[in-house]
1. Mind checking whether some residue in segment 130-141 is under 19 Å from residue 334 (Cα atoms), among the aliphatic types (A, V, I, L, M) and assigned to a helix (DSSP H, G or I)?
2. In segment 120-145, how many residues are among the aliphatic types (A, V, I, L, M) and over 16 Å from residue 324 (Cα atoms)?
3. Determine which single condition residue 156 fails, assuming it passes every other condition in (1) without any contact (Cβ under 8 Å) to a residue 24 or more places away in the chain; (2) touching a strand residue (DSSP E or B) at 6+ places or on another chain (Cβ under 7 Å).
4. Determine whether residue 318 is part of a helix (DSSP H, G or I), in contact with a Ser or Thr (Cβ under 7 Å, 6 or more places away or on another chain), within 30 Å of residue 96 (Cα to Cα) and not assigned by TED's automatic domain parsing to the domain that holds residue 107.
5. What's the total number of residues in segment 271-316 that are β-branched (Val, Ile, Thr) and either in contact with a Lys or Arg (Cβ under 9 Å, 6 or more places away or on another chain) or without any contact (Cβ under 8 Å) to a residue 24 or more places away in the chain (or both)?
6. Based on what the data block shows, is residue 210 out of contact with any helix residue (DSSP H, G or I) (no Cβ under 8 Å at 6 or more places or on another chain) and closer than 22 Å to residue 282 by Cα?
7. Among what's in segment 42-84 and is surrounded by fewer than 16 Cβ atoms within 10 Å (Cβ to Cβ) and in a loop (DSSP other than H, G, I, E, B), pick the residue that is modelled with the lowest pLDDT.
Amino acid sequence: SSPSRCATPTRAPPGSRARSSRARSSCSRREGCAVSSPEPLVGRVERLVAMRSFPGWSELPTRDLVTLAAIARPRRIGVGEQVFTEGQPIQTVLLVLEGELALSRGGKRLGLYRESSGVGGLAAFARDPRGYDCLATRDSVVLELHAEDLEELFEDRFPILLAVIRELARENVELRRRLPPSAGFPTRSSAGDQCPAQALDLVERIFFLRRTLAFGAGRIDSLAELAKGAEEIRAEPGRVVWKVGDRADDALAIVCGTLRCRTEDGLAFELGAGDLAGGLDALGQVPRWYSAEVGEGLVALSMGRDLTVDVWEDHPDLALEVLQAFAAGLLALLERAAEAPPPSFPTIP
């Protein structure tokens with residue numbers, strides 16, 4: 001099949017004829033009407049079971065899995081079929097039930113994705129205009145979900161959105177472990193300006209977090225909540241902040257100073273002023289994967305995972321912004337690791 005025929009069709013933006021026609025129909029895709037047929041390719045119960053098999057969604061309550069299954073459309077893909085084409089934005093997420101899909105970008109293989117893995121999510125959630133090539137290397141059966149429908153669902157069902165962010169954080173950790181010599185981080189970082197002698201006040205915290213977390217100007221309320229709940233940490237050179245395997249309950253937004261970091265596999269890097277240390281492991285709810293020792297005197301704001309999640313739940317648009325940033329960052333890392341053996345862990349590329 002030619003790329004023009006097999007690439008995912010471009011969906012009209014919100015408010016266009018596509019959305020209007022969907023609104024005029026007797027039922028929406030979210031209610032499961034798109035998959036009704038005398039002999040469905042994948043039945044409702046099978047879809048529900050399949051949803052629970054995907055990492056990140058296995059711990060969701062049945063109610064949320066039912067909602068996800070209802071917006072998933074079964075699709076059969078023949079061997080050799082071009083599913084996505086590089087240069088075209090990706091607007092669907094494919095959850096692989098059977099078969100195998102190969103991803104490539106710029107002539108480099110990104111990986112092979114089989115049962116219980118997903119394709120399309122990183123580019124779709126990152127709103128990446130470049131996309132990538134996706135070719136079926138075996139006859140495949142997938143569940144297809146439109147990114148627009150998923151994002152609407154994320155706004156209504158925060159636990160689903162949080163589960164996706166958590167899984168992206170875990171995948172980020174696993175991918176960085178495969179990127180010698182510094183896990184994709186700089187080997188040296190700036191300590192920034194001289195550390196303030198006095199504790200940061202609320203306004204200083206808010207402005208610092210806005211710069212560090214790259215939030216838009218309209219995020220003052222959510223930033224204020226984070227700033228109020230954060231704990232200021234001060235540490236002298238040589239202090240061990242955490243060791244490999246320690247419980248990860250918070251992230252450190254570094255105001256000044258540096259952290260010397262090292263994994264058990266010998267990867268070494270340094271985090272400095274403006275960096276967020278420990279965020280991936282805290283959000284992914286995995287143990288610390290690198291040790292962190294203070295290099296130059298450190299001042300940082302410790303933001304607990306529970307605090308962060310509570311703020312996201314109150315401001316779901318902020319959580320969607322975080323999802324976009326996570327997806328874009330992970331897609332960039334996936335390209336950097338393209339020459340390494342295909343990973344088995346990515347579930348939402």
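1. No, the conditions are met nowhere in segment 130-141.
2. The total comes to 6.
3. Here residue 156 clears every test but (2).
4. yes
5. 3
6. no
7. Across segment 42-84, the extreme among qualifying residues is 43.
The values are calculated or read from the model by the stated rules, or taken from the named source; none is laboratory data. Quick caveat: nothing in here was measured; it's all calculated off a predicted structure. Backbone-built Cβ (ideal geometry, glycine too); neighbour counts: all protein chains shown.
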